[in-house]
Amino acid sequence: MQIKSNQYNKNTVKRLLPATVLIALLVSFGWAAPRLQGLLPGFSPLPPLFFCIAACMSTRWVWLPATAWTLSYCITNLTQGHQWGLHFFVIIAGLAATFWIGTLMRKRSWFLLIGGSLGAALAFYLVTNTGAWVLSAHYAKTWAGWVQCQTTGLPGYAPAWMFLKGQMAASALFTPLFLLGQGHFRRSEQEISKPATTSRAC
């Protein structure tokens, strides 16, 4: 009985450790991201992670990127002195769009998943920028104002299209990395389940 208990604890640690490390890395990246915006605005692993979770894993795993994003958002607001507002829900809408696109890409090849991730990055950009256009008083509520929000942005700031460039770069980098990690995680799960199957057979 003690052996089974120790084996159960080890298996639990093996399952939880990757998720815990991933959350810690994502929170750290979310905290550091505002300091990197001058190099590549919009570069973030969270939208491609939402996409990959939806495309490659069960929907119940959405808590993993959701927890990481919520923690990093709170930490960023506290450390940067940003105010809470409707922009919070705009980002949620953008992440929900990437997750929904991911559900449409289940059981597809790597090539299609990477392409779908780039499409999800474009959807995230359009949703969040449209939200910014609606909420910001600096944009004219016209077709020309919407186009400005999607392309050049406001004077004195980095062009809006650079954020799309950063999001595309993040999807192109993090989607293959996630697919590799997800394959390793699946093999680890199979190895963990083997002893339990063997013991039941005995």
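No lab work stands behind these numbers, since they all come straight from the coordinates. Computed from a predicted model, the values in this text were never measured in an experiment. Heads up, the Cβs are rebuilt from the backbone with ideal geometry, glycines too, and the neighbour counts pull from every protein chain shown.
Expressed in nm to one decimal, what extension gain is obtained for the pair ALA172 and LEU154 from 0.36 nm per residue of sequence separation less their Cα-Cα distance?
Details: separation 18, 0.36 × 18 = 6.48 nm, distance 2.70 nm.
Full extension from ALA172 to LEU154 adds 3.8 nm.
Would you pull out the residues with amide H under 5 Å of THR152's amide H, same chain only if 5 or more places away, H placed 1.01 Å from N?
ALA160
For the pair LEU179 and HIS138, what calculated FRET efficiency results from E = 1/(1 + (r/R0)^6), where r is the Cβ-Cβ distance and R0 = 45 Å, to the nearest 0.05?
For R0 = 45 Å, the calculated efficiency reads 0.70.
In whole Hz, what ³J(HN,Hα) sequence does the range 134-142 give by Karplus (6.51, -1.76, 1.60; θ = phi - 60°), x for Gly and Pro?
5, 7, 7, 7, 7, 9, 5, 7, 9
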